[in-house]
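The values are calculated or read from the model by the stated rules, or taken from the named source; none is laboratory data. Quick caveat, the model's predicted, so the values are computed rather than measured. Neighbour counts run over all protein chains shown; Cβ positions are idealised from the backbone, glycine included. For the accessible areas, the whole protein counts, side chains as well, though only heavy atoms, and no ligand, DNA or RNA atoms are used. Shrake-Rupley method; radii C 1.70, N 1.55, O 1.52, S 1.80 Å.
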Protein chains: 2
Amino acid sequence: MSVPPRARPVALADVEAAAGRLAGVALETPLIESLALNARLGARVLIKPETLQRVGAFKFRGAYNRLVQLDASQRKVGVVAFSSGNHAQGVALAAKLLGIPALIVMPSDAPKVKIAATLGYGAQVRRYDRLTESREAIAAAVAAERGAIVVPAFDDPHIIAGQGTVGLELARQAAALGASLDVALAPVSGGGLLAGVSLALKAAWPDVEVWGVEPAGYDDLRQSLAAGRRVTIKPSGRTLCDALESPFPGELTFPILKRNLAGAVAVTDAEVAEAMRYAFSVLKLVVEPGGAAGLAALLAGRVEVGGRTVGLVLSGGNVDPALFARVIGGEL
Amino acid sequence: MSVPPRARPVALADVEAAAGRLAGVALETPLIESLALNARLGARVLIKPETLQRVGAFKFRGAYNRLVQLDASQRKVGVVAFSSGNHAQGVALAAKLLGIPALIVMPSDAPKVKIAATLGYGAQVRRYDRLTESREAIAAAVAAERGAIVVPAFDDPHIIAGQGTVGLELARQAAALGASLDVALAPVSGGGLLAGVSLALKAAWPDVEVWGVEPAGYDDLRQSLAAGRRVTIKPSGRTLCDALESPFPGELTFPILKRNLAGAVAVTDAEVAEAMRYAFSVLKLVVEPGGAAGLAALLAGRVEVGGRTVGLVLSGGNVDPALFARVIGGEL
């Protein structure tokens, strides 16, 4: 995937500029607190529910920040993206708002709600077989054929800066409560959200421990941090977290993550399902599997938070009703 | 049920005093907005999700405001309440926080999650058969036997004032966004929430249209407003809205409602189920049937909101997973 050359890495100023572009377009999601969760963990957890963001996930922020910076000729040729669903919706809605044609390449086994919503925002969707076809090759072919701009899911400075506005809001909202974060957790796949959020949080609190949470079997970030370089894993199976299946950290995201993270931890499907049930029954929030990874890590005790103030990003809420019913019914 | 004699009706000052007692004890729930809902209705809807309140419903506010004003000897003898579930949990948690013994009389067919949570807060629960026993008689007998204080679900000035803090927050949060409400909707059973909220909203915006939303077949408020006096209905069946089954408006709540309301509208079970599905799939919020009544009225077009700014209270989120699964699966 092509990354525009830049003289400098993504910095706080880019995140702040993104916030300016998103003002009045993305929602400022609230910061919420559950005294029941606090009591269970012996900590104060400030929850940033990006489930409530437009398209039901943080992905709209980065996508809009990327697309709004295209010039008139680029807007005319349109954009192409590949995504299992949330980036797809983010790009589709941003493109619709800006009048840009969009084609999204999605795996045929993506959650039905994600495919339907992407079509609903007016994008074209091309399905592919996750096992036999390469989404990168398809997207590149489409881009070449149409001259369309590829919008990467995470490895792009404007995408990272856009997702970072989640952290900027979190920092400002926590400060407004008189709180300062000791720890923060967010789900991680390619690392766009986590890299952006870490930039904002480290600027607010240099000592905050920022953790990435991955699905078990997809711990490419943990392995990469241990090796000190980007490691590509060979997943041995699927994960419940359809949104977190990237097998490697991004070229642009990894240096930021390496510098800013306390570490990465992994959660099992069972822990993710338990977190979704907890979100349903206690928090009263609909959270998709990948979106619940950070909560799963907290409930499973993967990160030490006793007596501390914790920022928790719930990154998305797009889940098929049939799967959600199975999870809350205890079948998963 | 015994209501303490008072020299004057509940007023805004009582709601403000309740807010002072609840500060740092109840949560200030956020005000959230869905651009998708706005687009569907052609209106701006500011959503107050009391689903996120302690115990998963607004009921904690009134219960705590009532219990915290008991004197030492009253606290020692304890409290008794009857409730299908949310008031039960509110009283149970408030009693626990204040070290007051609590007995809650609940119908044996109340949602399992509501019974379990009430027990979880340390209250005793006495179950009764909704068809063959009178909860008022049981509660009165228990109160007489123990000398315990009965905590009414709605017909009490401190309960009304406590629930009114929902409206106080809504008015302040809307004003902070530069918005003023033209219309507001809340579910109504005995009217504690709606009476309290109407006091706060009418003080902020004298011309705001406040609507109560009832289940079809339980439209005692609509009938009472039409008759100009409290009407008790004979329900011909059950409603999905277990929290909204009061057959009459309160003695204290009705005069406030009569003065402040634009009217009351009714929603069917099918409309409530559709609203729960909408909350799940678009808003990403878990809302119980009764809590979704206001949203159901909006989606069904029961109240004219085009071009207006609307306050919407989602009053509770305590729903059994099995029922929720059936609703999102389209079985109801």
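Taking region A:319-328 as the search range and keeping residues that are facing another protein chain (nearest Cβ under 8 Å) and touching a Lys or Arg at 6+ places or on another chain (Cβ under 9 Å), which one is surrounded by the fewest Cβ atoms within 10 Å (Cβ to Cβ)?
Step by step, filter region A:319-328, then rank; the result is A:A322.
Give region B:249-269 a look and list any residue that's surrounded by 21 or more Cβ atoms within 10 Å (Cβ to Cβ), closer than 16 Å to B:L201 by Cα and not hydrophobic (A, V, I, L, M, F, W, C), or say none.
B:T253
Considering only region A:142-165, I want to know if a residue exists there that is free of Cβ contacts under 8 Å to residues at least 40 places away in the same chain and not polar (S, T, N, Q).
Step one: of region A:142-165, the residues free of Cβ contacts under 8 Å to residues at least 40 places away in the same chain are A:144-145.
Applying the additional criterion that residues be not polar (S, T, N, Q) yields A:144-145.
The answer is yes, given that some residue of region A:142-165 is free of Cβ contacts under 8 Å to residues at least 40 places away in the same chain and not polar (S, T, N, Q).
Counting just the residues of region B:88-99 that are out of contact with any strand residue (DSSP E or B) (no Cβ under 6 Å at 6 or more places or on another chain) and more than 14 Å from every other protein chain (Cβ to nearest Cβ), which one comes out surrounded by the fewest Cβ atoms within 10 Å (Cβ to Cβ)? Spell out the reasoning first.
The first filter runs over region B:88-99 and keeps only residues out of contact with any strand residue (DSSP E or B) (no Cβ under 6 Å at 6 or more places or on another chain), leaving B:89-90, B:93-94, B:96-99.
Narrowing further to those that are more than 14 Å from every other protein chain (Cβ to nearest Cβ): B:98-99.
Details: B:L98: 15, B:G99: 8.
In this case the residue turns out to be B:G99.
Based on this model, can you work out whether A:L298 counts as away from chain B (no Cβ under 14 Å), under 20 Å from the mean Cα position of the chain (by Cα) and at pLDDT 95 or above?
Working: away from chain B (no Cβ under 14 Å): yes; under 20 Å from the mean Cα position of the chain (by Cα): yes; at pLDDT 95 or above: yes.
Judged against the criteria, A:L298 is a match.
Among B:S246, B:S224, B:S315, which is the only one that is away from every other protein chain (no Cβ under 11 Å), surrounded by 21 or more Cβ atoms within 10 Å (Cβ to Cβ) and without any contact (Cβ under 8 Å) to a residue 40 or more places away in the chain? Lay out the reasoning, then the answer.
Details: B:S246 fails: without any contact (Cβ under 8 Å) to a residue 40 or more places away in the chain; B:S315 fails: without any contact (Cβ under 8 Å) to a residue 40 or more places away in the chain.
After ruling out the rest, the residue left standing is B:S224.
Looking at B:A297, B:A273, can you tell me which residue is open to solvent by less than 10 Å² (accessible area, probe 1.4 Å) and in contact with a Phe, Trp or Tyr (Cβ under 8 Å, 6 or more places away or on another chain)?
On the way: B:A273 fails: in contact with a Phe, Trp or Tyr (Cβ under 8 Å, 6 or more places away or on another chain).
From the options B:A297, B:A273, the qualifying one is B:A297.
Looking at region B:41-64, can you tell me whether even one residue there is at positive phi and surrounded by fewer than 24 Cβ atoms within 10 Å (Cβ to Cβ)? Spell out the reasoning first.
Step one: filter region B:41-64 for residues at positive phi, giving B:42, B:55-56.
Now drop any that are not surrounded by fewer than 24 Cβ atoms within 10 Å (Cβ to Cβ), which leaves B:42.
Yes - at least one qualifying residue is present in region B:41-64.
Any idea which of A:L31, A:L37, A:L70 is in contact with a helix residue (DSSP H, G or I) (Cβ under 6 Å, 6 or more places away or on another chain) and open to solvent by less than 50 Å² (accessible area, probe 1.4 Å)?
Working: A:L37 fails: in contact with a helix residue (DSSP H, G or I) (Cβ under 6 Å, 6 or more places away or on another chain); A:L70 fails: in contact with a helix residue (DSSP H, G or I) (Cβ under 6 Å, 6 or more places away or on another chain).
Sole residue among the options that is in contact with a helix residue (DSSP H, G or I) (Cβ under 6 Å, 6 or more places away or on another chain) and open to solvent by less than 50 Å² (accessible area, probe 1.4 Å): A:L31.
Listed here are the residues, each with its yes/no results for (1) at positive phi; (2) open to solvent by 20 Å² or more (accessible area, probe 1.4 Å); (3) of a type in the set (A, V, I, L, M).
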position: A:T165; (1), (2), (3): no, no, no
position: A:L170; (1), (2), (3): no, no, yes
position: A:V188; (1), (2), (3): no, no, yes
position: A:D220; (1), (2), (3): no, no, no
position: A:K234; (1), (2), (3): no, yes, no
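Hey, can you tell me all the residues within region B:22-37 that are out of contact with any Ser or Thr (no Cβ under 9 Å at 6 or more places or on another chain) and more than 11 Å from chain A (Cβ to nearest Cβ)?
The answer is B:A23, B:L37.
For region B:58-74, indicate whether the set of residues that are aliphatic (A, V, I, L, M), assigned to a loop (DSSP other than H, G, I, E, B) and within 26 Å of B:I256 (Cβ to Cβ) is non-empty. Spell out the reasoning first.
Step one: list which residues in region B:58-74 are aliphatic (A, V, I, L, M), which gives B:63, B:67-68, B:70, B:72.
Next, only the ones that are assigned to a loop (DSSP other than H, G, I, E, B) stay: B:68, B:70.
Checking the rest, the ones that are also within 26 Å of B:I256 (Cβ to Cβ) come to B:68, B:70.
Yes, the conditions are met somewhere in region B:58-74.
For region A:111-121, what are the residues that are open to solvent by 30 Å² or more (accessible area, probe 1.4 Å) and out of contact with any Asp or Glu (no Cβ under 6 Å at 6 or more places or on another chain)? Give the derivation first.
Here is the first cut: in region A:111-121, the residues open to solvent by 30 Å² or more (accessible area, probe 1.4 Å) are A:112-113, A:116, A:119-121.
Within region A:111-121, A:A116, A:L119, A:G120, A:Y121 meet the criteria.
I need every pair where a residue in region A:20-46 that is without any contact (Cβ under 8 Å) to a residue 12 or more places away in the chain has its Cβ under 7 Å from the Cβ of a residue that is part of a strand (DSSP E or B) and of a type in the set (A, V, I, L, M, F, W, C), sequence separation at least 6 or different chains.
A:N38/A:V45
Which of the numbered conditions does A:R238 fail, given that it passes all the others? Conditions: (1) surrounded by fewer than 18 Cβ atoms within 10 Å (Cβ to Cβ); (2) on the phi > 0 side of the Ramachandran plot; (3) of a type outside the set (D, E).
(2)
Give the number of residues within region B:279-294 that are open to solvent by less than 20 Å² (accessible area, probe 1.4 Å) and more than 15 Å from B:L52 (Cβ to Cβ). Working first, answer last.
Let us first name the residues in region B:279-294 that are open to solvent by less than 20 Å² (accessible area, probe 1.4 Å), namely B:279-280, B:283-294.
If we keep only those that are more than 15 Å from B:L52 (Cβ to Cβ) as well, we get B:280, B:289-290, B:293-294.
Residues flagged as open to solvent by less than 20 Å² (accessible area, probe 1.4 Å) and more than 15 Å from B:L52 (Cβ to Cβ) within region B:279-294 amount to 5.
Could you say which residue among A:G24, A:G20 is part of a loop (DSSP other than H, G, I, E, B) and open to solvent by 50 Å² or more (accessible area, probe 1.4 Å)? Write out each step before concluding.
Values: A:G20 fails: part of a loop (DSSP other than H, G, I, E, B).
Step by step, each of A:G24, A:G20 is checked, and only A:G24 is part of a loop (DSSP other than H, G, I, E, B) and open to solvent by 50 Å² or more (accessible area, probe 1.4 Å).
Each row is one residue, and each column tells you yes or no for (1) at pLDDT 95 or above; (2) of a type in the set (A, V, I, L, M).
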site: A:P4; (1), (2): no, no
site: A:R8; (1), (2): no, no
site: A:R21; (1), (2): yes, no
site: A:A26; (1), (2): yes, yes
site: A:T29; (1), (2): yes, no
site: A:E33; (1), (2): yes, no
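Scan region B:122-141 residue by residue and report those that are buried (at least 21 other Cβ atoms within 10 Å of the Cβ) and out of contact with any Phe, Trp or Tyr (no Cβ under 8 Å at 6 or more places or on another chain).
Going residue by residue through region B:122-141, those that are buried (at least 21 other Cβ atoms within 10 Å of the Cβ) are B:123, B:139.
Correct list: B:A123 only.
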